[in-house]
1. Which lysines, on any chain, are close to Lys253 with Cα under 30 Å apart, when same-chain ones fewer than 8 places away are left out?
2. Against the longest alpha carbon principal axis of the chain, how many degrees, from 0 to 90 and to the nearest 10, is the axis of helix 127-138 turned?
3. Relative contact order (percent) for region 196-331, with alpha-carbon contacts under 8 angstrom and 6 or more residues of separation?
4. For helix 321-330, report the angle its Cα long axis makes with the longest principal axis of the Cα atoms of the chain; keep it between 0 and 90° and round to the nearest 10°.
5. Using a ≥ b ≥ c from the Cα gyration tensor of region 277-331 (square roots of the eigenvalues), is it rounded, prolate or oblate, where a/c under 1.5 gives rounded and otherwise the larger of a/b and b/c decides, a/b for prolate?
6. I need the shape label for region 135-192. Rule: rounded when a/c is under 1.5, else prolate if a/b > b/c, else oblate, with a, b, c from the alpha carbon gyration tensor.
7. List the pairs from Lys54/Lys141; Lys75/Lys97; Lys43/Lys97 whose alpha-carbon separation is above 19 Å, in the order I gave them.
8. Under a point-charge model restricted to the Cβ atoms of Lys and Arg (+1) and Asp and Glu (-1), what is the dipole moment magnitude of region 174-276 relative to its Cα centre, in debye to the nearest 20?
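Quick note: the coordinates plus some simple rules give every number you see, no bench work behind them. Because the structure is a prediction, the values reported are computed rather than measured. Reconstructed Cβ throughout: ideal geometry from the backbone, glycine too, with neighbour counts over all protein chains shown.
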Amino acid sequence: DQQDPEPPQMKEEQEELCTIHNDTDAGRKSVKCDVCGNTFMNKCQLKRHHQIHKGVKPHACNTCGKSFSFRFKLKVHMRTHTGERPYSCETCGKSFKTSGSLTAHMRTHTGEKPYSCETCGKSFNTSSNLTAHMRTHTGEKPYSCGRCGKNFSQSSILTIHMRTHTGEKPYSCGRCGKSFSNSSDLTSHMRTHTGEKPYSCETCGKSFSERGSLTVHMRTHTGEKPYSCGRCGKSFSSSSDLTVHMRTHTGEKPYSCGRCGKSFNTSGNLTAHMRTHTGEKPYSCGRCGKNFRGRSHLTVHMKTHTGEKPCGRCGKNFSNSSDLTIHSCKV
């Protein structure tokens, strides 16, 4: 799942931001940032906000050296070192580093979503989530990578992207030690250990470990195929299927065998190929115990138990060998 943008403004922020002296300005955001579209109470707040876009970070952590644009952000960051979480939920007891995070969390109990999109009507539990959502309508991507120039709609996504350049993987699995560049990937990975599948299909009851997998699965019921090939017009239910399909046009084979150098258009095909080197046969027949390198080989084998006689070329099934022989001559 995608990480939430930065939490709403916190009490600590008030010491950094200018005080509003004119009561008529209170509760009204009248100054807009021309870079990201966020609005502020006055020009002083906007000026301080511009430090984020300029990359000015004068406040450094004495523990790890990380720098921040505002003092209050450094104060909140220090809690990652001290473990301090001074804001607790009275309903479930969960604690948070900031008051804004607690406020947003409380809405998971109340169901409150006070921020609505004027374009499509969708509602959100934080203003930052609404701001991020609005960019799906405008196409705005105000956060740019200083290394490759790629643009992003959220600062949190840029932060994760930067780790593809630095190789940083700060989130580690406590069970197997595998590391990840963002916390959502770690959360998904942990489900491979626990077996948890919290996302269920309301149509057939099938469960999934990730929300994205459920979204793709739902298209098997609706028939929706929103991803189209710009060359041949063929449509697909997932972006990854389109990516693989595009390689039939480009001839790209980005996955190479480290032993023999042979290349493949999908990681799955490379994995299957590697078994020709290792001899691994992870798919076992539940009836006779025979093992196979690929699931498709096991599927064909199972038909020897059911009495089906599949064509080795096209997979079509026949009830008797004579019909199979006649068919094989034709194909």
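1. Output for Lys253: Lys150, Lys169, Lys178, Lys225, Lys234, Lys262, Lys281, Lys316.
2. For helix 127-138, the angle is close to 60 degrees.
3. Details: 139 pairs, mean separation 11.1, N = 136.
Rounded, it is 8 percent for region 196-331.
4. Roughly 70 degrees between the two axes.
5. Numbers: a/c = 3.77, a/b = 1.83, b/c = 2.07.
It comes out oblate by the Cα gyration axes.
6. It comes out oblate by the Cα gyration axes.
7. On the way: Lys54/Lys141 16 Å; Lys75/Lys97 10 Å; Lys43/Lys97 28 Å.
The answer is Lys43/Lys97.
8. Details: 15 positive and 7 negative charges, 79 e Å.
For region 174-276, the charge dipole is close to 380 debye.
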